[in-house]
Every structure is written in C-alpha cells, then in structure tokens.
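Colleague: What follows is a single structure, and I will ask about it in a moment.
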Amino acid sequence: MAAKKEKSSFPAEQLALYDKLIATNPAVERKGAAIPYTSCNGHMFSQLTEDGSLALRLPENEMEAFLKKYKAGLHVAYGITRKEYAVVPDELFKKTKELKKYFDISYDYVKKMKPKPTKK
C-alpha cells in the first residue's frame, strides 16, 4: 500500500505569490518541502511561514525604513523575535513588482555574507 502524499498546508494563493516573487530573480530557487524558503551560500533570506505570510531578511539599514513604510513587524518564530526578518504585509505580498526591490535587497544582503561550510 502506497503512503499518502502529504498535502501542503500553505494557502495556494500565498504559495503562488511566493513562486511569482522568486521567479523575478533567476539566480534564486525555492527550497524546502515542508516550509518553503530561499537561501544563498547557506544563509536563508526569505521564508513562507506556517500561517502563509512571508518573512524577509533585511539588513539593519533597510529594516527600520521597511517596518515604518509598510507598518510591518518583526517575524516571531517559536516565541523568539527574529530581528533580521520582517513580516511582509499581505497587501505588499500581492504587489510583486513593489516587493521585488526588497526581495533583491534581501538576496544581495546574504550573498555578501561568508558562505556557510557544507556538511559534505
């Protein structure tokens, strides 16, 4: 008897929006079967959270302006505030062209970090 394939718990609309955003940068691919995310050089820079919202890793010099402009908050996971991750408001998540700027800033931010050693 074949095992049942697990169904994604993410809203289809959010997953589609996330894929559309990722497609704006050909150097990036979506990873993670259970929790979709993007990374570069071993550093995660975006994640679709369990509730279907998008968390985006931003450098300190961009974070404050982003939080103020979009009335956004920091991402909280397992009771811990992730100071480098902003929660993208739903209205902005639907505006791929506008959000692309911040997705690219996030990608460029981790791209400049020292690569994490692989486990192989």
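Colleague: Top to bottom by accessible area (1.4 Å), largest first, where do T118, T81 land?
Modeller: T118, T81
Colleague: Okay, next question. In the Gaussian network model of the chain, springs joining C-alpha atoms below 10 Å, which of N25, N41, N61 carries the largest mean-square fluctuation?
Modeller: Largest GNM mean-square fluctuation: N61.
Colleague: Please name whichever of P89, Y107, S53 sits farthest to the positive end of the charge dipole of the chain, dipole taken about the Cα centre and charges placed at Cβ: Lys and Arg +1, Asp and Glu -1.
Modeller: In the chain, that residue is Y107.
Colleague: Within the stretch 29-64, whose backbone N sits under 17 Å from a point 7 Å along Cα→Cβ of K114?
Modeller: Output list for this probe position: 41-44.
Colleague: A further question follows. Checking the a/c ratio against 1.5 first, then a/b against b/c, what shape does the Cα gyration tensor give for the stretch 20-101?
Modeller: It is rounded, given that a/c, with a ≥ b ≥ c, falls under 1.5.
Colleague: Working out 0.36 nm times the residue gap between E50 and A12, then minus their Cα-Cα distance, what length gain in nm do you get to one decimal?
Modeller: 12.4 nm
Colleague: Answer rounded, prolate or oblate for the stretch 57-96, using the Cα gyration tensor with square roots of eigenvalues a ≥ b ≥ c: rounded when a/c is under 1.5, else prolate when a/b is larger than b/c, else oblate.
Modeller: Since a/c reaches 1.5 but b/c is at least a/b, the shape of the stretch 57-96 is classed as oblate.
Colleague: Now for a different question. Quick check: pseudo-label points 7 Å beyond the Cα along Cα→Cβ at A23 and T96, how many nm apart are they?
Modeller: Roughly 0.5 nm, to one decimal.
The values are calculated or read from the model by the stated rules, or taken from the named source; none is laboratory data. What you see is a predicted model; the values in this text were computed from it and never measured. A quick note on method: Cβ atoms are made from the backbone with ideal geometry, for glycine too, and the neighbour counts reach across all protein chains shown. Areas reflect the complete protein model, heavy atoms only, side chains present, ligands, DNA and RNA absent. Shrake-Rupley method; radii C 1.70, N 1.55, O 1.52, S 1.80 Å.
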